[in-house]
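Each remark here refers to the structure printed beneath this line.
The values are calculated or read from the model by the stated rules, or taken from the named source; none is laboratory data. The model shown is predicted, which means the values in this text are computed figures rather than measured ones. Cβ placement follows ideal geometry from the backbone for every residue including glycine, while neighbour counts extend to all protein chains displayed. The protein model used for the area step is the full one, side chains on, heavy atoms only, and it has no ligands, DNA or RNA in it. Shrake-Rupley method; radii C 1.70, N 1.55, O 1.52, S 1.80 Å.
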Amino acid sequence: MNAGDLVRVTRAGVTNEGVLMPSSTEEYLVVKLDGGYNIGIAREDADVDVLETDVYDIEDAQTDSDGTSEIEFDEDLPTISLISTGGTIASTVDYRTGAVTAQFDAEDVLRAVPDLAGRANYRGRVVANILSENMTTDVWVDLAEAVVEEIEAGADGVVIMHGTDTMQFSASALAFMLDTPVPIVFTGSQRSADRPSSDNVMNAVCAVEAAKGDAAEVMICMHASESDDACALHEGTRVRKNHTSRRDAFRTIGAKPLGEVDYESEEITFRRDYTPRGETDLALHADLDDEVELVKFTPGMDPAALDYLDGKSGLIIEGTGLGHVHTDFIPRIEELVDDGTVVAMTSQCLEGRVCDRVYDTGRDLLDAGVVEAGDTLPGTAKVKLMWALANLSDPAEAMGRDIAGELTERSVPWE
């Protein structure tokens with residue numbers, strides 16, 4: 001028996017039927033029941049009958065020496081590259097401990113999400129197998145290089161499976177590092193595949209449909225609402241995770257989402273302008289300066305908190321309101337600027353833009369050499385400054401202009 005087979009398992013007088021899933025341990029069988037739950041059954045003393053083989057047939061996968069797998073359903077279908085970095089969408093449950101662990105490689109995802117079968121031909125590769133809180137700039141570089149290699153190998157679109165906690169940072173990084181002629185779509189899952197309320201199937205299906213579409217942008221594709229009806233397509237530099245556990249945790253800030261994928265009809269509706277497929281030549285600008293920090297100012301904060309920033313290349317400040325800090329911080333910030341640190345101001349408000357020309361504190365910050373980052377989201381601003389320091393001659397100037405959709409021309413009501 002193999003993963004993907006329909007099986008009947010009897011143990012200790014209890015019989016269950018379902019699809020055999022990949023398991024994190026040889027001691028347990030994992031079976032997905034019709035109701036959506038995954039259950040773990042100890043192999044010892046279990047009687048297994050295979051009712052149907054290859055319910056989800058991906059046995060034609062060919063694996064190259066570099067670990068890249070290719071799965072072809074129809075030569076007339078587009079080719080989508082599935083790149084795995086880990087996270088809940090590519091996870092399974094260790095039934096010894098009950099913990100959710102990242103285990104699947106890209107080929108396993110097709111078994112875990114059988115609805116992907118027949119939608120495209122697939123190339124699969126694993127860049128990392130980590131929880132997203134362990135994401136690093138080195139993995140960003142590896143990921144960007146892998147995307148370029150996949151596009152050069154003929155991929156018509158790329159889907160990146162990523163943990164949700166830091167997905168917005170990785171999407172921002174690739175938006176700055178890559179000029180792409182095809183869609184690059186990040187997706188993930190808020191709830192693991194063993195739960196009936198898991199969002200992994202719909203998110204993955206919609207992401208593949210977006211990767212087959214016309215928008216050659218770096219996007220995040222996740223549930224548009226708590227219902228299983230559509231996924232929103234968020235521009236990679238204008239999105240943030242706004243909820244710890246809801247399936248519709250991601251929101252475009254300061255605008256409508258770029259578009260939406262209807263789960264049932266598979267139709268993509270775009271709500272804003274985008275770069276069409278094939279209009280941009282593929283290019284990689286992968287250098288990053290990781291000596292950049294993001295600091296959130298709060299009342300009562302000790303200015304000595306900035307002492308560890310000596311020698312840093314860049315600093316993003318998440319200020320209050322229009323972009324303010326306590327006036328006691330300004331001399332220390334001026335010292336950093338004088339020593340060569342690029343300091344940019346963002347706001348901890350979810351909507352609107354910084355403007356340090358309204359109040360005295362803001363004017364003093366500008367006099368100290370702080371540059372305004374407009375309505376760039378703080379996390380995106382950090383990634384942008386890391387990229388600008390490594391690739392542009394005047395990174396401070398770049399923080400005040402749009403490069404990858406991160407900074408809007410003006411803030412206007414949109415809801």
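Hey, can you grab everything whose amide H is under 5 Å from the amide H of LYS296? Only 5+ residues off in sequence or another chain; H modelled, so Pro and N-termini drop out.
Residues meeting the amide H criterion: GLU318.
So what J values fall out for region 344-359 if you push phi through Karplus, 6.51 cos²θ - 1.76 cosθ + 1.60 with θ = phi - 60°, rounded to Hz, Gly and Pro as x?
In residue order, the calculated couplings are 10, 9, 10, 10, 7, 5, 6, 10, x, 10, 6, 8, 8, 9, 8, 10 Hz.
List, in order, the whole-Hz ³J(HN,Hα) value for each residue of region 38-44 obtained from phi through the Karplus relation with A = 6.51, B = -1.76, C = 1.60 and θ = phi - 60°; use x for Gly and Pro.
Going residue by residue, I get 9, 10, x, 10, 4, 5, 4 Hz, with x marking Gly and Pro.
Enter the per residue convex hull volume of the chain, computed from alpha-carbon coordinates, in Å³ rounded to the nearest integer.
Spread over its residues, the Cα hull of the chain gives 154 Å³ apiece.
Say we join alpha carbon atoms closer than 10 Å with springs in a Gaussian network model of the chain; which of GLU150, GLU397, GLU44 then has the biggest fluctuation?
Ranking GLU150, GLU397, GLU44 by mean-square fluctuation puts GLU44 first.
With a cut-off of 8 Å between alpha carbons and a minimum separation of six or more residues, what is the relative contact order of the chain in percent?
11 percent
Where a Cα-Cα gap under 17 Å defines reach, which lysines qualify for LYS382, not counting those fewer than 8 residues away within the same chain?
LYS382 reaches LYS241, LYS296, LYS312.
Enter the accessible area per residue of the chain (Å², integer; probe 1.4 Å; all protein chains in place).
Heavy-atom SASA per residue in the chain reads 43 Å².
What's the magnitude of the charge dipole for region 274-415 around its Cα centre, counting Lys and Arg as +1 and Asp and Glu as -1 at the beta-carbon? Answer in Debye, nearest 20.
440 debye
In whole angstrom, how long is each semi-axis of the equivalent ellipsoid of region 292-400, when you take the square root of 5 times every eigenvalue of its Cα gyration tensor and sort them from largest down?
Taking √(5λ) for each eigenvalue gives 18, 16, 13 Å, largest first.
So how do HIS162, HIS324 rank on accessible area, 1.4 Å probe, biggest first, that is with the largest at the start?
Sorted descending by solvent-accessible area, the residues read HIS324, HIS162.
If you roll a 1.4 Å probe over region 292-400 with all protein chains in place, what percent of the accessible area is carbon or sulfur?
49 percent
Please list the radius of gyration and Dmax for region 5-52, considering alpha-carbon atoms only, with Å as the unit.
In Å, with Rg to one decimal and Dmax whole: 9.7, 25.
Placing +1 at every Lys and Arg Cβ and -1 at every Asp and Glu Cβ, with all other atoms neutral, what dipole size does region 5-52 have around its Cα centre, in debye to the nearest 20?
Dipole of region 5-52, to the nearest 20 debye: 160 debye.
Quick check for me: using +1 on Lys/Arg Cβ and -1 on Asp/Glu Cβ, what's the dipole size of the chain about its Cα centre, in debye to the nearest 20?
Computed charge dipole of the chain: roughly 1380 debye.
Could you work out [θ]222 nm for the chain from helices alone, using -39500 (n - 2.57) per DSSP H run of at least four and dividing by all its residues? Round to the nearest 500 deg cm²/dmol.
-6000 deg cm²/dmol
Strictly under 4.7 angstrom between C-beta atoms: which cysteines of the chain have no such partner?
CYS221, CYS349, CYS355
Which of THR187, THR380, THR275 moves most in a GNM of the chain, Cα contacts under 10 Å?
Comparing THR187, THR380, THR275 in a Gaussian network model of the chain, the most mobile one is THR275.
Work out from phi, with θ = phi - 60° and the Karplus expression 6.51 cos²θ - 1.76 cosθ + 1.60, the ³J(HN,Hα) of each residue of region 73-78, listed in order in whole Hz, and give x for Gly and Pro.
Here the 3J(HN,Hα) series is 9, 7, 5, 7, 7, x Hz.
If you wrap a convex hull around the C-alpha atoms of region 119-198 and split its volume per residue, what is the figure in Å³?
109 Å³
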